[in-house]
Every structure is written in C-alpha cells, then in structure tokens.
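A short worksheet on the structure shown next.
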Amino acid sequence: MTDRFPISGLRSVELEVPDLDQAIAFYTGIWGLTEAAHAHGHVYLRCEGDDPYTVRLSKGNAPAMLSYTLRAADGTDLTALLARAEAAGGKAEGAIAPLSDFGGGNGFSMFDTVGRRLRIVQGDDRVAADFTELSRPDRLSHININTTDLERDIAFYVDGLGFTVSDRSKIMGFVRTNSDHHTIVLATAPVETLNHIAFNHRNWEDVMKASGRMVDEHHPMGWGPGRHGPGDNVFAYFVDPFGIVVEHTAEMLQIDETYRVGGPADWTWPPGRIDHWGIAPPKTETCKAAQLAIPFK
Ligand SMILES: [Fe+2]
C-alpha cells in the first residue's frame, strides 16, 4: 500500500544551535538520543531505530532549522520527483548527487514555495536498531510547520511530493506519505517558521517515562500529556534549551486509502477540551511563543 508514495517517510532534521556541547548534553543525556558520529563539521544523533541519524546539529549564532530530510522510496525516480516538485513551485538547490552527510545516500536539496529547505535522500545507510529499556525514541514521527498560506503548502506536498491529505481542521492540514496519519502538519500562523519536531516512541508509557526524565531535569512540560484528535497520538510537548519545541509521541493512528478524510467539522471539541483526555493544563505561554519562533534558515 505504502509503495505508491514516492516518499517513504521523514528521515531527519538538521538544526543549528548556539552551543553544541549544551545541545549534545540535552539531546543525549535527557531527551534520549545517542551520538552516531561527529563528521563533516556536524554532530549526528540517532534514535533507536534503523536511521543512521535523526538529528544533525551544527553551531550557529541562533537556533534555526536548516532543513528536514525526507527519504525517497527505493523505486522512486529522483529526476522525476525533482521535476514534479519544481512544477509545484519548489526550487532545486544544486543537482541530484550523493549527500555528504553521515549515512550517505543519493538525493537533492530544494526550497519549497516560500524558501524552506528540504532534502530528499534515497539509499542512505540503515543501521542495526538498538532497542533498550531506556524510553528512548525510535524515530522521528513528524514535523509541524507554521504557514501563512495553508492551501499553498498543502498543494506543495500533495502535487510536488506525492503526499495525501489525511485530515483538515480549522487551521491545520495533516498530510501523510506512509501509513502514519501524518508526517507533516501545516499550521496556520502569522509566520513561516518551525512549529515543532516530534519523536516517536514504541508505546505511550515510554512517552510518559521520557517526559518524567525531562521533568526530573527541570524541563517542565509545555503541553500535555494528552491524546490528539487528528492522528489520535499521545503527546507531551517540551521546549529545548534553545527554544525549539520538541514532542514525545506514540500510537499515531495507522491508516490507508480507506480512511475517511476529515474536515473542520469533524474536529471541533466540546468547550474546555482540546484533546481526547482533557487532563492537561493549558499550554504554557513559553511553549506557545516557542512554537512560532524558530526560523528556517
Ligand atoms: Fe505534533
């Protein structure tokens, strides 16, 4: 079923942070990633699954999202995919070529219709999964991107990259490229920034344990715990030491082409509710502000 998608999933994010040592300490010591490599001037961190890395850190003056990297399915014709993405308003940054990142693979870098950089990689290394009992994420789940034009950005993913719309709410679009209900979320906002990066766990109790590890280290929860409407995933949001919003999540709804695509009327909540459980305190002001603040560079 998933083979019809030219993109098989979200492989990694590439971030710039002002203090690499602090970032490594946070993301390995508390968040639950492990160091995969120091190479090419970057630090590569991995989850417990088979991706060679899921977070690349580079030093910069201010926190920023340099790119996110989607993995093309093995059978995807990259030349055709690039042409399709350009026809949908994307702009290539260089030619199709081997990526210089740890994990290798062949691919290309491009800008979407407003200049956010994304990369496509195909045939990158897969590493042996390393599952532990330490409540570490196994892969990236999704990224949420703020947009001033929801229709424009949904069209780019659907027409340019072959995604399918799973659900629409009043202000958000959820698009998928495998059986996960969403891999990219587009959220209407006054800015074209990163909203958050979500890390997947194998079960919801690991989300709680990983969240407890954050609270132990004096990183309060920004929103959660709860269970989302669209996607039905369990969530806990935090703000990292640089102001980047990161989410521990699990149990994303698995769907196929028989899923009935929902609209705003399907996702209205009773007064006082914004998730299925209704136990989480309101989102913190710090989290709300951080969800708008991180630029794509
Ligand atoms: Fe999320």
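Can you find even one residue in the stretch 216-236 that is more than 21 Å from residue 141 (Cα to Cα), in the same structural domain as residue 169 (by TED's automatic domain parsing), among the charged types (D, E, K, R) and surrounded by fewer than 17 Cβ atoms within 10 Å (Cβ to Cβ)? Yes, the conditions are met somewhere in the stretch 216-236. Filtered by the rule that a residue be at negative phi, of a type in the set (D, E, K, R) and within 16 Å of the ligand (Cβ to nearest atom), the stretch 207-235 gives a lone residue, 227. Hey, does the stretch 91-110 have a residue that's within 19 Å of residue 49 (Cα to Cα) and of a type in the set (Asp, Glu)? Yes. A Cβ distance below 6 Å, combined with a sequence gap of six or more or placement on separate chains, defines the contacts here; from the stretch 271-287, residues that are not assigned by TED's automatic domain parsing to the domain that holds residue 235 reach no residue that is exposed (fewer than 13 other Cβ atoms within 10 Å of the Cβ) and assigned to a loop (DSSP other than H, G, I, E, B). Annotation: of all residues in the stretch 70-100 being in contact with an Asp or Glu (Cβ under 8 Å, 6 or more places away or on another chain) and in a loop (DSSP other than H, G, I, E, B), the one that is nearest to residue 160 (Cα to Cα) is 88. Each residue in the stretch 251-283 was checked for being touching a Phe, Trp or Tyr at 6+ places or on another chain (Cβ under 7 Å) and either among the β-branched types (Val, Ile, Thr) or not in a loop (DSSP other than H, G, I, E, B) (or both), and 0 pass.
Reported count of residues in the stretch 29-51, each being within 24 Å of residue 249 (Cα to Cα) and among the small types (Gly, Ala, Ser), is 4.
Just so you know, in the stretch 257-267 the residues that are in contact (Cβ under 8 Å) with a residue 24 or more places away in the chain and either surrounded by 17 or more Cβ atoms within 10 Å (Cβ to Cβ) or not acidic (Asp, Glu) (or both) include one that is nearest to the ligand (Cβ to nearest atom), and it is 267. Candidates are the residues of the stretch 185-200 that are among the polar types (S, T, N, Q) and within 10 Å of the chain's Cα centre (by Cα); the one that is nearest to the ligand (Cβ to nearest atom) is 195.
Scan the stretch 237-256 for residues that are under 22 Å from residue 60 (Cα atoms), of a type in the set (Phe, Trp, Tyr) and either near the ligand (Cβ under 10 Å from one of its atoms) or surrounded by fewer than 22 Cβ atoms within 10 Å (Cβ to Cβ) (or both) and jot them down.
Result: 242, single match.
Tallying residues that are under 18 Å from residue 72 (Cα atoms) and out of contact with any Gly (no Cβ under 6 Å at 6 or more places or on another chain) within the stretch 162-182 yields 8. Residue 203 passes every criterion in (1) within 13 Å of the ligand (Cβ to nearest atom); (2) closer than 26 Å to residue 129 by Cβ apart from (1). In the stretch 115-148, of all residues being under 16 Å from residue 296 (Cα atoms) and loosely packed, with under 15 Cβ neighbours inside 10 Å, the one that is nearest to the ligand (Cβ to nearest atom) corresponds to 148.
The values are calculated or read from the model by the stated rules, or taken from the named source; none is laboratory data. From a predicted model like this one, the values you see are computed outputs, not experimental measurements. Neighbour counts run over all protein chains shown; Cβ positions are idealised from the backbone, glycine included.
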